[in-house]
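The structure appears below as structure tokens.
The values are calculated or read from the model by the stated rules, or taken from the named source; none is laboratory data. Note that the structure is a prediction, hence the values are computed from the model and not measured. Cβ atoms come from the backbone with ideal geometry, glycine included; neighbour counts cover every protein chain shown. Quick note on the areas: whole protein, heavy atoms, side chains included, nothing else; ligands and nucleic acids left out. Shrake-Rupley method; radii C 1.70, N 1.55, O 1.52, S 1.80 Å.
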Amino acid sequence: YTGTVSVQAGEQKLAEIPMEVDVLQWRLPAPRTHYELDKEYTGSMFYYGWLDPKGTGKIGINPLNERQFRTQVKTMLEHNIVAPFMVWGCGFDLYDADGARDENLRRHLAIMREEGMPGHTLYLGSHVGEPTTPEALAKLQEDVRTAIRIAKEYGCTEVYFNGYEEVPLEQRRMQIPGYKVVREAGGRILTCGEPLTMDEFGPIVDVHYCNVNPPDCQAAE
């Protein structure tokens, strides 16, 4: 395919960029790992997009209008990304009290389902934080249950909440009460960083993606 991309500001033409693109005549197969070919593989990626509440959108940066968001969802699906990690939490902030977050989450999930996202798994980038008081932990549990209830309306059976990423071990330990509350509420925890201390975190972290190669013995655990 050949063509030209025109760049304009109002009626003023700023540039014309010739382009030539080769499109391969095949679809990507469903992904599998080399060691478990009989099991489904959930393709994911960090996704930073979020919808503009005003519906306007921007070019190149957030927030997105609905057409932009739908196009990006379609593109992810075409490349086997069936459960993107919603870095901004689909607009659902666990500590947002302005009343708009529930509707924001519904709006994102509705469009994702309409465009074909299977929706069985939702990686919700809403940070658990470091709540310690009984009041804060109770509020976190209530908010997690709300997010899970909304997600189930759109077919999500597993909802993951994000721990702080790539932080020192002591800061990760400060999040343990929050992790436990999330799991008690029916949610799951995913986090990122150096290999975990498995005896401490193994029972309370569901997905951990390492920023370095873990020891074989720890990967097996």
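Within the range 36-70, the set of residues being of a type outside the set (K, R), surrounded by fewer than 14 Cβ atoms within 10 Å (Cβ to Cβ) and over 28 Å from V207 (Cβ atoms) comprises P53, G55, T56, I59, G60, I61, E66.
Has the range 111-123 got at least one residue that is open to solvent by 60 Å² or more (accessible area, probe 1.4 Å), assigned to a helix (DSSP H, G or I) and in contact with a Gly (Cβ under 8 Å, 6 or more places away or on another chain)? Looking through the range 111-123, at least one residue is open to solvent by 60 Å² or more (accessible area, probe 1.4 Å), assigned to a helix (DSSP H, G or I) and in contact with a Gly (Cβ under 8 Å, 6 or more places away or on another chain). The set of residues from the range 1-18 being assigned to a strand (DSSP E or B) and loosely packed, with under 10 Cβ neighbours inside 10 Å comprises T2, T4, V5, A9, Q12, L14, A15, I17, P18. Filter the range 201-221 for residues that are of a type outside the set (A, V, I, L, M) and touching a helix residue (DSSP H, G or I) at 6+ places or on another chain (Cβ under 7 Å); which is nearest to E142 (Cα to Cα)? So the residue we want is E221. Counting the residues of the range 165-183 that are surrounded by fewer than 14 Cβ atoms within 10 Å (Cβ to Cβ) and either part of a strand (DSSP E or B) or within 21 Å of the chain's Cα centre (by Cα) (or both) gives 1.
On inspection, G202 fails the criterion of being over 19 Å from F85 (Cα atoms), touching a Ser or Thr at 6+ places or on another chain (Cβ under 9 Å) and open to solvent by less than 80 Å² (accessible area, probe 1.4 Å).
Is the range 134-153 home to any residue that is surrounded by fewer than 20 Cβ atoms within 10 Å (Cβ to Cβ), part of a loop (DSSP other than H, G, I, E, B) and under 18 Å from the mean Cα position of the chain (by Cα)? For the range 134-153, residues surrounded by fewer than 20 Cβ atoms within 10 Å (Cβ to Cβ), part of a loop (DSSP other than H, G, I, E, B) and under 18 Å from the mean Cα position of the chain (by Cα): absent.
Taken over the range 50-102, the criterion of being within 13 Å of the chain's Cα centre (by Cα) and not in a loop (DSSP other than H, G, I, E, B) is satisfied by V73, M76, F85, M86, G89, C90, G91. The residue that is nearest to Q141 (Cα to Cα), counting only those in the range 187-197 that are surrounded by 15 or more Cβ atoms within 10 Å (Cβ to Cβ) and without any contact (Cβ under 8 Å) to a residue 60 or more places away in the chain, is G187.
If you go through the range 78-110 and keep only what is open to solvent by less than 50 Å² (accessible area, probe 1.4 Å), at pLDDT 90 or above and of a type in the set (D, E), you end up with just D102.
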